[in-house]
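The values are calculated or read from the model by the stated rules, or taken from the named source; none is laboratory data. Every value quoted in this text rests on a predicted model; they were computed, and no experiment measured them. Cβ: placed from backbone, ideal geometry, glycine included. Neighbour counts: every protein chain shown.
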Amino acid sequence: MSRYLLLVNRASGGNDRGLDAAEVCQSAERIFRDAGHEITSAAIEPERIESEIEKAIQTGIDGLIIAGGDGTVSTAARLLGGTGIALGVLPMGTFNLAARDLGVPLEMENAAKFLAAADSFPIDVLDVSGHACLCTTILGFYPEFAGIFERRDHGGHWWKKSWRLLTGLPRIFARARPLPISWSANGQTGRAKTKFTAFVPGRYRPTAGVVPARTDFRSGTMTAYIGTQKSSAAALRGMLDYILGRQEQNPDLQILKAESIVLRSVRRHHCTVMLDGEILRLKFPIQFRILPGHLRVLSTEANLTDQPPQKG
(Lines give C-alpha, C1' and ligand atoms only; values in the text may rest on other atoms or scores of the structure.)
Protein backbone atom coordinates (compact mmCIF):
# COMPACT_ATOMS: atom_id res chain seq x y z
CA MET A 1 0.00 0.00 0.00
CA SER A 2 1.27 3.46 -0.93
CA ARG A 3 0.27 6.87 0.42
CA TYR A 4 -0.62 9.58 -2.08
CA LEU A 5 -1.71 13.18 -2.06
CA LEU A 6 -3.69 14.62 -4.98
CA LEU A 7 -3.53 18.37 -5.59
CA VAL A 8 -5.86 19.84 -8.21
CA ASN A 9 -5.10 23.27 -9.65
CA ARG A 10 -8.45 25.07 -9.76
CA ALA A 11 -7.20 27.42 -12.49
CA SER A 12 -5.97 24.76 -14.91
CA GLY A 13 -7.13 24.79 -18.51
CA GLY A 14 -9.13 21.60 -18.02
CA ASN A 15 -11.66 23.48 -15.93
CA ASP A 16 -12.56 25.45 -19.07
CA ARG A 17 -13.39 22.16 -20.79
CA GLY A 18 -15.91 21.01 -18.21
CA LEU A 19 -13.63 19.18 -15.74
CA ASP A 20 -14.88 19.94 -12.24
CA ALA A 21 -12.12 20.00 -9.58
CA ALA A 22 -14.29 18.42 -6.86
CA GLU A 23 -15.39 15.62 -9.19
CA VAL A 24 -11.79 14.96 -10.20
CA CYS A 25 -10.85 14.60 -6.52
CA GLN A 26 -13.72 12.23 -5.76
CA SER A 27 -13.17 10.05 -8.82
CA ALA A 28 -9.39 9.78 -8.33
CA GLU A 29 -9.76 8.98 -4.62
CA ARG A 30 -12.18 6.14 -5.40
CA ILE A 31 -9.89 4.68 -8.07
CA PHE A 32 -6.76 4.83 -5.90
CA ARG A 33 -8.55 3.31 -2.90
CA ASP A 34 -9.96 0.52 -5.06
CA ALA A 35 -6.36 -0.20 -6.08
CA GLY A 36 -5.39 -0.56 -2.39
CA HIS A 37 -3.74 2.82 -1.81
CA GLU A 38 -4.25 5.54 0.77
CA ILE A 39 -5.01 8.94 -0.76
CA THR A 40 -6.18 12.38 0.26
CA SER A 41 -6.95 15.25 -2.09
CA ALA A 42 -7.44 19.00 -2.23
CA ALA A 43 -8.49 21.46 -4.93
CA ILE A 44 -6.42 24.61 -4.46
CA GLU A 45 -5.76 27.98 -6.04
CA PRO A 46 -2.60 28.28 -8.17
CA GLU A 47 -0.86 30.64 -5.74
CA ARG A 48 -0.94 27.88 -3.11
CA ILE A 49 0.61 25.15 -5.26
CA GLU A 50 4.19 25.62 -4.10
CA SER A 51 3.41 25.93 -0.40
CA GLU A 52 1.14 22.87 -0.45
CA ILE A 53 3.77 20.78 -2.21
CA GLU A 54 6.43 21.90 0.27
CA LYS A 55 4.18 20.87 3.15
CA ALA A 56 3.42 17.53 1.49
CA ILE A 57 7.12 16.73 1.15
CA GLN A 58 7.44 16.85 4.94
CA THR A 59 4.68 14.26 5.48
CA GLY A 60 6.55 11.28 4.05
CA ILE A 61 4.07 10.43 1.28
CA ASP A 62 5.08 7.97 -1.43
CA GLY A 63 3.67 9.96 -4.31
CA LEU A 64 2.17 13.31 -5.23
CA ILE A 65 -0.46 13.42 -7.95
CA ILE A 66 -0.72 16.79 -9.70
CA ALA A 67 -3.85 17.63 -11.68
CA GLY A 68 -3.05 20.67 -13.79
CA GLY A 69 -1.23 21.92 -16.84
CA ASP A 70 2.43 21.64 -17.78
CA GLY A 71 3.38 24.76 -15.82
CA THR A 72 1.93 23.24 -12.64
CA VAL A 73 3.71 19.95 -13.37
CA SER A 74 7.01 21.78 -13.87
CA THR A 75 6.63 23.46 -10.49
CA ALA A 76 6.00 20.09 -8.84
CA ALA A 77 9.01 18.57 -10.62
CA ARG A 78 11.28 21.34 -9.35
CA LEU A 79 10.17 20.81 -5.76
CA LEU A 80 10.02 16.99 -5.80
CA GLY A 81 13.34 16.45 -7.60
CA GLY A 82 15.79 14.65 -5.35
CA THR A 83 13.21 13.83 -2.66
CA GLY A 84 12.39 10.30 -3.85
CA ILE A 85 8.68 11.16 -3.85
CA ALA A 86 7.09 10.04 -7.12
CA LEU A 87 5.24 12.54 -9.30
CA GLY A 88 2.03 11.46 -11.01
CA VAL A 89 0.42 13.65 -13.68
CA LEU A 90 -3.35 13.95 -14.13
CA PRO A 91 -3.77 15.89 -17.40
CA MET A 92 -5.89 19.01 -16.85
CA GLY A 93 -3.98 21.44 -19.04
CA THR A 94 -4.17 22.34 -22.72
CA PHE A 95 -1.34 20.43 -24.40
CA ASN A 96 -0.51 18.11 -21.44
CA LEU A 97 3.00 17.48 -22.77
CA ALA A 98 4.29 15.76 -19.63
CA ALA A 99 1.30 13.41 -19.46
CA ARG A 100 1.68 12.50 -23.13
CA ASP A 101 5.42 11.89 -22.74
CA LEU A 102 4.89 9.61 -19.75
CA GLY A 103 2.15 7.63 -21.46
CA VAL A 104 -0.67 8.84 -19.22
CA PRO A 105 -4.09 8.63 -20.94
CA LEU A 106 -5.67 12.02 -21.53
CA GLU A 107 -9.17 11.03 -20.38
CA MET A 108 -9.40 11.72 -16.66
CA GLU A 109 -10.75 8.41 -15.32
CA ASN A 110 -8.40 6.33 -17.47
CA ALA A 111 -5.51 8.55 -16.36
CA ALA A 112 -6.31 7.92 -12.69
CA LYS A 113 -6.52 4.17 -13.28
CA PHE A 114 -3.18 4.26 -15.09
CA LEU A 115 -1.47 6.13 -12.24
CA ALA A 116 -3.00 3.89 -9.56
CA ALA A 117 -1.44 0.86 -11.27
CA ALA A 118 1.84 2.52 -12.30
CA ASP A 119 5.29 2.05 -10.79
CA SER A 120 7.86 4.67 -9.79
CA PHE A 121 10.83 5.27 -12.09
CA PRO A 122 13.67 7.83 -12.07
CA ILE A 123 13.96 10.11 -15.11
CA ASP A 124 16.25 12.97 -16.11
CA VAL A 125 15.29 16.60 -15.55
CA LEU A 126 16.66 19.60 -17.41
CA ASP A 127 17.75 22.41 -15.10
CA VAL A 128 17.34 25.76 -16.87
CA SER A 129 19.01 28.45 -14.75
CA GLY A 130 17.37 26.98 -11.65
CA HIS A 131 14.02 26.08 -13.24
CA ALA A 132 12.99 22.44 -13.76
CA CYS A 133 12.11 21.46 -17.32
CA LEU A 134 10.43 18.11 -17.98
CA CYS A 135 9.42 18.57 -21.61
CA THR A 136 10.88 21.49 -23.55
CA THR A 137 12.25 25.01 -23.25
CA ILE A 138 11.71 27.21 -26.30
CA LEU A 139 13.10 30.64 -27.16
CA GLY A 140 12.53 32.89 -30.15
CA PHE A 141 9.28 33.99 -31.75
CA TYR A 142 7.11 31.22 -30.30
CA PRO A 143 7.15 32.27 -26.61
CA GLU A 144 6.17 35.80 -27.61
CA PHE A 145 3.35 34.56 -29.83
CA ALA A 146 2.16 31.94 -27.34
CA GLY A 147 2.08 34.50 -24.55
CA ILE A 148 -0.36 36.61 -26.54
CA PHE A 149 -2.94 33.93 -27.23
CA GLU A 150 -2.52 32.33 -23.79
CA ARG A 151 -3.54 35.60 -22.15
CA ARG A 152 -6.48 35.88 -24.54
CA ASP A 153 -7.53 32.22 -24.46
CA HIS A 154 -6.33 30.50 -21.30
CA GLY A 155 -7.19 26.82 -21.34
CA GLY A 156 -9.11 25.73 -24.41
CA HIS A 157 -8.31 22.84 -26.72
CA TRP A 158 -4.79 21.99 -27.85
CA TRP A 159 -5.83 21.49 -31.48
CA LYS A 160 -7.33 25.00 -31.66
CA LYS A 161 -4.10 26.52 -30.40
CA SER A 162 -2.05 24.37 -32.77
CA TRP A 163 -4.17 25.53 -35.69
CA ARG A 164 -3.78 29.15 -34.61
CA LEU A 165 -0.02 28.68 -34.54
CA LEU A 166 0.08 27.08 -37.98
CA THR A 167 -2.06 29.75 -39.62
CA GLY A 168 -0.31 32.62 -37.85
CA LEU A 169 3.22 31.33 -38.39
CA PRO A 170 4.16 33.29 -41.57
CA ARG A 171 3.07 36.66 -40.20
CA ILE A 172 4.54 36.18 -36.72
CA PHE A 173 7.79 34.70 -38.02
CA ALA A 174 8.32 37.51 -40.52
CA ARG A 175 7.78 40.12 -37.83
CA ALA A 176 10.06 38.49 -35.25
CA ARG A 177 13.61 39.74 -34.80
CA PRO A 178 16.36 37.09 -34.96
CA LEU A 179 18.14 36.48 -31.68
CA PRO A 180 21.96 36.34 -31.93
CA ILE A 181 23.17 33.55 -29.66
CA SER A 182 26.38 31.73 -28.92
CA TRP A 183 26.87 28.55 -26.96
CA SER A 184 29.50 26.37 -25.39
CA ALA A 185 29.01 22.63 -24.93
CA ASN A 186 31.13 19.49 -25.02
CA GLY A 187 34.27 21.65 -25.17
CA GLN A 188 33.06 23.29 -28.38
CA THR A 189 31.47 26.62 -29.21
CA GLY A 190 29.07 27.87 -31.85
CA ARG A 191 26.89 30.79 -32.81
CA ALA A 192 23.78 31.51 -34.84
CA LYS A 193 20.98 33.96 -35.42
CA THR A 194 17.77 32.20 -34.56
CA LYS A 195 14.05 32.84 -34.44
CA PHE A 196 13.31 29.43 -32.90
CA THR A 197 15.40 27.19 -30.66
CA ALA A 198 14.26 24.35 -28.39
CA PHE A 199 16.10 22.55 -25.58
CA VAL A 200 14.77 19.10 -24.69
CA PRO A 201 15.74 16.63 -21.94
CA GLY A 202 16.42 13.52 -24.01
CA ARG A 203 15.26 14.23 -27.56
CA TYR A 204 12.17 14.59 -29.74
CA ARG A 205 10.84 11.43 -31.31
CA PRO A 206 11.15 11.43 -35.12
CA THR A 207 7.45 10.63 -35.49
CA ALA A 208 4.60 12.44 -37.20
CA GLY A 209 2.23 14.65 -35.19
CA VAL A 210 1.42 18.20 -34.18
CA VAL A 211 2.12 17.86 -30.43
CA PRO A 212 5.81 17.10 -29.69
CA ALA A 213 6.72 13.80 -28.06
CA ARG A 214 9.98 12.93 -26.32
CA THR A 215 12.10 9.89 -25.74
CA ASP A 216 15.47 9.08 -24.08
CA PHE A 217 14.14 9.94 -20.61
CA ARG A 218 17.18 8.35 -18.94
CA SER A 219 19.97 9.09 -21.41
CA GLY A 220 21.81 11.65 -19.29
CA THR A 221 21.81 14.09 -22.22
CA MET A 222 19.74 16.92 -23.66
CA THR A 223 19.19 17.93 -27.27
CA ALA A 224 19.21 21.50 -28.60
CA TYR A 225 17.36 22.19 -31.85
CA ILE A 226 18.67 25.50 -33.19
CA GLY A 227 16.67 26.89 -36.09
CA THR A 228 18.45 29.14 -38.57
CA GLN A 229 15.50 29.78 -40.91
CA LYS A 230 15.52 33.30 -42.35
CA SER A 231 12.27 33.41 -44.34
CA SER A 232 8.65 32.54 -43.64
CA ALA A 233 8.82 29.91 -46.40
CA ALA A 234 11.75 28.24 -44.64
CA ALA A 235 9.86 28.39 -41.34
CA LEU A 236 6.82 26.73 -42.93
CA ARG A 237 9.05 24.01 -44.34
CA GLY A 238 10.54 23.50 -40.89
CA MET A 239 7.05 23.22 -39.39
CA LEU A 240 6.02 20.72 -42.07
CA ASP A 241 9.15 18.63 -41.51
CA TYR A 242 8.38 18.62 -37.78
CA ILE A 243 4.75 17.55 -38.32
CA LEU A 244 5.92 14.74 -40.61
CA GLY A 245 8.54 13.59 -38.09
CA ARG A 246 11.54 14.44 -40.26
CA GLN A 247 12.79 17.50 -38.36
CA GLU A 248 16.29 16.07 -38.01
CA GLN A 249 16.62 16.15 -41.81
CA ASN A 250 15.80 19.86 -42.08
CA PRO A 251 18.79 21.76 -43.54
CA ASP A 252 18.07 24.87 -41.45
CA LEU A 253 18.19 23.04 -38.11
CA GLN A 254 21.37 22.56 -36.09
CA ILE A 255 21.17 19.70 -33.59
CA LEU A 256 23.40 19.59 -30.54
CA LYS A 257 23.49 16.83 -27.90
CA ALA A 258 25.19 17.56 -24.58
CA GLU A 259 25.07 17.13 -20.83
CA SER A 260 25.27 20.89 -20.28
CA ILE A 261 25.06 24.00 -22.45
CA VAL A 262 25.78 27.65 -21.66
CA LEU A 263 23.83 30.03 -23.88
CA ARG A 264 24.87 33.66 -24.37
CA SER A 265 23.81 36.66 -26.42
CA VAL A 266 26.03 39.64 -27.23
CA ARG A 267 23.22 42.12 -27.76
CA ARG A 268 20.58 40.95 -25.29
CA HIS A 269 20.64 40.85 -21.51
CA HIS A 270 17.40 38.89 -21.12
CA CYS A 271 15.35 36.45 -23.16
CA THR A 272 11.69 35.40 -23.11
CA VAL A 273 11.34 31.61 -23.03
CA MET A 274 8.51 29.12 -22.80
CA LEU A 275 9.40 26.45 -20.26
CA ASP A 276 6.88 23.58 -20.18
CA GLY A 277 4.08 25.96 -21.14
CA GLU A 278 5.07 28.73 -18.74
CA ILE A 279 6.34 32.07 -20.08
CA LEU A 280 9.50 33.23 -18.27
CA ARG A 281 12.06 35.99 -18.75
CA LEU A 282 15.56 34.69 -18.09
CA LYS A 283 18.86 36.54 -17.84
CA PHE A 284 21.82 35.67 -20.05
CA PRO A 285 23.89 33.59 -19.79
CA ILE A 286 21.28 30.82 -19.57
CA GLN A 287 22.63 27.59 -18.11
CA PHE A 288 21.16 24.28 -19.27
CA ARG A 289 22.21 21.23 -17.26
CA ILE A 290 20.81 17.70 -17.33
CA LEU A 291 20.18 16.11 -13.94
CA PRO A 292 20.31 12.33 -14.44
CA GLY A 293 17.60 10.37 -12.60
CA HIS A 294 16.68 13.46 -10.59
CA LEU A 295 12.92 12.90 -10.45
CA ARG A 296 10.80 9.82 -9.86
CA VAL A 297 7.60 9.61 -11.91
CA LEU A 298 4.62 7.27 -12.08
CA SER A 299 4.62 5.43 -15.40
CA THR A 300 5.53 2.04 -16.87
CA GLU A 301 8.82 0.66 -18.12
CA ALA A 302 7.36 0.38 -21.64
CA ASN A 303 6.42 4.06 -21.71
CA LEU A 304 9.93 5.12 -20.71
CA THR A 305 11.62 3.17 -23.48
CA ASP A 306 11.62 4.08 -27.15
CA GLN A 307 8.01 3.15 -27.85
CA PRO A 308 5.44 4.92 -30.08
CA PRO A 309 4.13 8.10 -28.42
CA GLN A 310 0.88 8.24 -26.47
CA LYS A 311 -2.10 9.09 -28.65
CA GLY A 312 -5.07 11.15 -27.63
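In summary, strands (runs of 3 or more DSSP E) completely within the stretch 145-230 and bearing 2 or more residues that are modelled with pLDDT of 85 or more and touching a Phe, Trp or Tyr at 6+ places or on another chain (Cβ under 8 Å) occur at 188-194, 196-201, 222-227.
A quick yes/no check of all residues on (1) assigned by TED's automatic domain parsing to the domain that holds LEU102; (2) farther than 28 Å from GLY293 by Cβ; (3) without any contact (Cβ under 8 Å) to a residue 24 or more places away in the chain; (4) among the hydroxyl-bearing types (Ser, Thr, Tyr):
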| position | (1), (2), (3), (4) |
| --- | --- |
| SER184 | no, no, no, yes |
| GLY209 | no, no, no, no |
| ASP216 | no, no, no, no |
| THR223 | no, no, no, yes |
| LEU244 | no, yes, no, no |
| GLU248 | no, no, no, no |
| PRO251 | no, yes, yes, no |
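Give me the helices (runs of 4 or more DSSP H) completely within the stretch 1-90, filtered to those with at least 2 residues that are at pLDDT below 95, ordered by residue number. Give the steps one after another, and end with the answer.
On the way: elements: 21-34, 49-57, 70-80.
In the stretch 1-90, 21-34, 70-80 are the helices (runs of 4 or more DSSP H) which contain 2 or more residues that are at pLDDT below 95.
Within the stretch 2-25, no residue that is over 22 Å from ALA116 (Cα atoms) and outside the structural domain of GLY84 (by TED's automatic domain parsing) sits with its Cβ atom under 9 Å from a residue that is part of a loop (DSSP other than H, G, I, E, B) and at pLDDT 95 or above at 6+ positions apart or across chains. For the stretch 75-97, the count of residues that are in contact with a Cys (Cβ under 7 Å, 6 or more places away or on another chain) and surrounded by fewer than 19 Cβ atoms within 10 Å (Cβ to Cβ) is zero. Of all residues assigned to the stretch 103-124, at least one qualifies as being β-branched (Val, Ile, Thr), at pLDDT 95 or above and part of a strand (DSSP E or B). Among the residues of the stretch 109-134, the ones that are in contact with a Gly (Cβ under 8 Å, 6 or more places away or on another chain) and either surrounded by fewer than 19 Cβ atoms within 10 Å (Cβ to Cβ) or more than 27 Å from GLY36 (Cα to Cα) (or both) come to 5 in all. Looking at the stretch 247-258, can you tell me whether even one residue there is surrounded by fewer than 16 Cβ atoms within 10 Å (Cβ to Cβ), over 19 Å from ASN303 (Cβ atoms) and of a type in the set (Gly, Ala, Ser)? Within the stretch 247-258, not a single residue is surrounded by fewer than 16 Cβ atoms within 10 Å (Cβ to Cβ), over 19 Å from ASN303 (Cβ atoms) and of a type in the set (Gly, Ala, Ser).
Scan the stretch 74-89 and tell me whether some residue there is on the phi > 0 side of the Ramachandran plot, of a type outside the set (S, T, N, Q) and in contact (Cβ under 8 Å) with a residue 12 or more places away in the chain. Can you show your working first?
Restricting attention to the stretch 74-89, the residues satisfying the condition of being on the phi > 0 side of the Ramachandran plot are 82, 84.
Of the ones still in play, those that are also of a type outside the set (S, T, N, Q) are 82, 84.
With the extra rule that they be in contact (Cβ under 8 Å) with a residue 12 or more places away in the chain, the set shrinks to 82, 84.
The answer is yes, given that some residue of the stretch 74-89 is on the phi > 0 side of the Ramachandran plot, of a type outside the set (S, T, N, Q) and in contact (Cβ under 8 Å) with a residue 12 or more places away in the chain.
If you filter the stretch 231-241 down to residues that are more than 9 Å from PRO170 (Cα to Cα) and touching a residue at least 24 places away in the same chain (Cβ under 8 Å), you find that the one that is surrounded by the most Cβ atoms within 10 Å (Cβ to Cβ) is GLY238. Scanning the stretch 274-284 finds one or more residues that are surrounded by 15 or more Cβ atoms within 10 Å (Cβ to Cβ), free of Cβ contacts under 8 Å to residues at least 60 places away in the same chain, outside any strand (DSSP E or B) and assigned by TED's automatic domain parsing to the domain that holds GLY140. Residue count for the stretch 28-43 under the criterion of being out of contact with any strand residue (DSSP E or B) (no Cβ under 8 Å at 6 or more places or on another chain) and loosely packed, with under 15 Cβ neighbours inside 10 Å: the result is 3. Total residues in the stretch 231-258 satisfying the condition of being of a type in the set (Gly, Ala, Ser), more than 18 Å from GLY202 (Cα to Cα) and not in a loop (DSSP other than H, G, I, E, B): the figure is 5.
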